[in-house]
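**Q** The structure is given below, and queries will be raised subsequently.
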Amino acid sequence: MKPIYRSNLWPNRILSFVFVSFPFMIFLLLAALLCGYLAWGTLQFQKIGRPVTGVVTRWVHHSSVRGGYEVVEVRYQTPDGKVRTQESANHSLFNFNSPKVGERVDLLYNPNDPTVFRLAQSSQMWSGPIFCFVITIFVSLGFAIRILYS
C-alpha cells in the first residue's frame, strides 16, 4: 500500500474551495444581505408607519404564470379625513390567519404616501424576512452536507 502524502491532497482542496466553498460563501453573504435588507425595510416601515383601523372590503386575485396570488383590499381613513380604499402592497406568504371580508384590521400606513400600507399583523409584516431566512438556512444546510460528505 502506498502512503498518501499531504502534498497530493492540496490541489483537490484548492479546487474544492474555488468551485464549492467560495461560491457557497458568496451565496451566504448575498442571502444574508437580502434577509437584512428585508428586515431593515420592515423595521423602517414600523418606525415611520402611522396606525389606523380599516375594514377589509375584498380579496383581489392577481393571476400570473405560476398561479397568481391574493392581496387584501382595505378601506381606511387617514387623520386628514380622506377615506381611502387600497390594495395591500404586500401579500402574506402565510395565510393561516388572514382577515375576512368585513373584518376590522389594524394597519400601518406611510404618512408620506398614505396609499402605501401594511397590515399590522406579525405574519403580514415579517413573512418576507422570515421566508428568506428559512430558505437560506435550508440551502446552507444542503451545501454544508454536500461539502462534508463529498
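**Q** Once phi is turned into ³J(HN,Hα) by the Karplus curve 6.51 cos²θ - 1.76 cosθ + 1.60 with θ = phi - 60°, what whole-Hz value does each residue of the range 81-86 show in order, with x for glycine and proline?
**A** For the range 81-86, the Karplus curve yields x, 7, 8, 10, 10, 9 Hz.
**Q** Evaluate the distance, in nm, between pseudo-label points positioned 7 Å from the Cα of residue 87 and of residue 33 along their respective Cα→Cβ axes.
**A** Between residue 87 and residue 33, the simple spin-label model gives 3.1 nm.
**Q** Taking the radius of gyration and the Kirkwood hydrodynamic radius from Cα positions alone, what is the Rg/Rh ratio for the range 53-127, to two decimal places?
**A** Checking Rg against Rh, the ratio lands at 0.96.
**Q** Name the chymotrypsin sites (Phe, Trp or Tyr not before Pro) in the range 25-126 that are in a loop by DSSP and that have at most 15 other C-beta atoms within 10 Å, would you?
**A** 94, 96
Since every read-out is calculated from the coordinates, none of them should be taken as a lab result. Just so you know, these numbers come straight off a predicted model, no measurement behind them. With ideal geometry, Cβ positions are generated from the backbone for all residues, glycine too; neighbour counts draw on all protein chains shown.
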